[in-house]
Amino acid sequence: MPTLTALPQLHAYGHPLDMAEDKVGLLRDSSDAADDVEELRRRFDADGYLYMKGYLDRDEVMAARQSLTDGLAAAGVLDERFPSMLGVCKPGAGYVFKPELTNNNPAVQNLLYGPRLTDFYRQFYGEDIRHYDFTWLRAVGPGKGTNPHCDLPYMGRGTHRHMTCWLPYGDISFELGGLMVLEGSHRRMDLLENYVYRDVDAFCANKPEQVANAQTGAKGFGWTFTGTLSHNPPVLRNKFGGRWLTTEYQPGDFLTFGMFMVHGSLDNRTENRLRISSDSRYQRASEPIDDRWVGPNPPGHSTAGKRGRIC
Ligand SMILES: O=C(O)CCC(=O)C(=O)O
Ligand SMILES: [Fe+2]
């Protein structure tokens, strides 16, 4: 019987994780190698992710948090009896997806696309980089987090060598529920190949009901590939092997990983706090980019982003 980890019981997508030490663990902190790009590349190749603890300026992150909680307050998501900075939500807030809070928001834009973080990627890639203009901003209320997936199905129309940067705006305890990655999953192409190359915005142009759904933007589109890999993180782990890796995040940290890494998040088990984070994307400037995510008003998964093919 494997021994249990010292971690508290964790939950993801409504399921308790198996807390045996070969099934769950902590992310490896690579901040010690921040100035050694060769070593960062070795670790990224081996692990599929880099967790850069305290790499960013804490005050800048907290200023960005303030701008976001102000926006959430204005959107009516927060309980007005508390200072907005605390991110206390109204009952039933649910999973709030608000990318628009990052538009015209210099604190967030400078943090994500200013010199400190873009230099990191420029050095890591060893050449000029660019980033998506679209920023995914999530404020997750009490309840389920994000189910396990890879990012490629949402953003695979250009290069496949781009990277996600997941960034917490404030402390994210195990209870508040941050990101988790599935150890070694990026190497399991045997298990990923029938999933990861599908495109959530593709539809069958020779199937009239799918064409109709794509044109009207019907929710879920009927034929539906949502990009989800599983609704059951412990069962998925049993299939892939490896450990679910996560940590307690602090402002200044970021976690970056590639398009083939299976990830999801812990549930938010607090009574009334929002877990606030963003995910942004970076790639070599020389490689093709997925046009759903660039421009002043990126089409994203809207009807304009749909692409028909003969099935
Ligand atoms: O923040 C989350 O719960 C999910 C984030 C995510 O899927 C990503 O960063 O790609
Ligand atoms: Fe993701």
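Every number here is computed from the coordinates shown, using simple stated rules; none is lab data. Remember, it's a predicted structure, so these values are computed and weren't measured experimentally. As a convention, Cβ positions derive from the backbone with ideal geometry for all residues, glycine included, and neighbour counts pool all protein chains shown.
Things worth noting here:
- Every residue from the range 167-219 that is within 18 Å of His301 (Cβ to Cβ), part of a helix (DSSP H, G or I) and within 16 Å of ligand 2 (Cβ to nearest atom): Tyr195, Val196
- Counted residues, the range 135-167 - those being of a type in the set (Lys, Arg) and under 23 Å from Pro288 (Cα atoms): 2
- With respect to (1) under 13 Å from the mean Cα position of the chain (by Cα); (2) crowded, with 24+ Cβ neighbours inside 10 Å, the lone exception for Met259 is condition (2).
- In the range 236-288, the residues that are closer than 19 Å to Tyr169 by Cβ and among the acidic types (Asp, Glu): Glu248, Asp253, Asp267, Asp279
- Qualifying residue in the range 215-227 (condition: of a type outside the set (S, T, N, Q), surrounded by 21 or more Cβ atoms within 10 Å (Cβ to Cβ), within 14 Å of ligand 1 (Cβ to nearest atom) and within 18 Å of the chain's Cα centre (by Cα)): no
- Tabulated pairs, the range 268-284, first part of a loop (DSSP other than H, G, I, E, B), second near ligand 1 (Cβ under 9 Å from one of its atoms), C-beta under 8 angstrom, 6+ apart or interchain: Arg269/Gly177; Leu274/Val140
- Yes/no for Gly25 being closer than 15 Å to Phe174 by Cα, surrounded by 16 or more Cβ atoms within 10 Å (Cβ to Cβ) and of a type outside the set (A, V, I, L, M, F, W, C): yes
- Residues in the range 289-310 that are outside any loop (DSSP other than H, G, I, E, B), more than 18 Å from the chain's Cα centre (by Cα) and either without any contact (Cβ under 8 Å) to a residue 60 or more places away in the chain or closer than 11 Å to Asp201 by Cα (or both): Thr303, Ala304, Gly305, Arg307, Gly308, Arg309.
- Within the range 138-152, restricting attention to residues that are part of a loop (DSSP other than H, G, I, E, B) and away from ligand 2 (no atom under 13 Å from the Cβ), the residue that is farthest from the chain's Cα centre (by Cα) is Pro142.
- Within the range 123-155, the set of residues being more than 9 Å from ligand 1 (Cβ to nearest atom), at negative phi and out of contact with any helix residue (DSSP H, G or I) (no Cβ under 8 Å at 6 or more places or on another chain) comprises Tyr125, Glu127, Arg130, Gly141, Pro142, Lys144.
- Every test in (1) free of Cβ contacts under 8 Å to residues at least 40 places away in the same chain; (2) in contact with a strand residue (DSSP E or B) (Cβ under 9 Å, 6 or more places away or on another chain); (3) surrounded by 13 or more Cβ atoms within 10 Å (Cβ to Cβ) is passed by Glu100 save one, and that test is (3).
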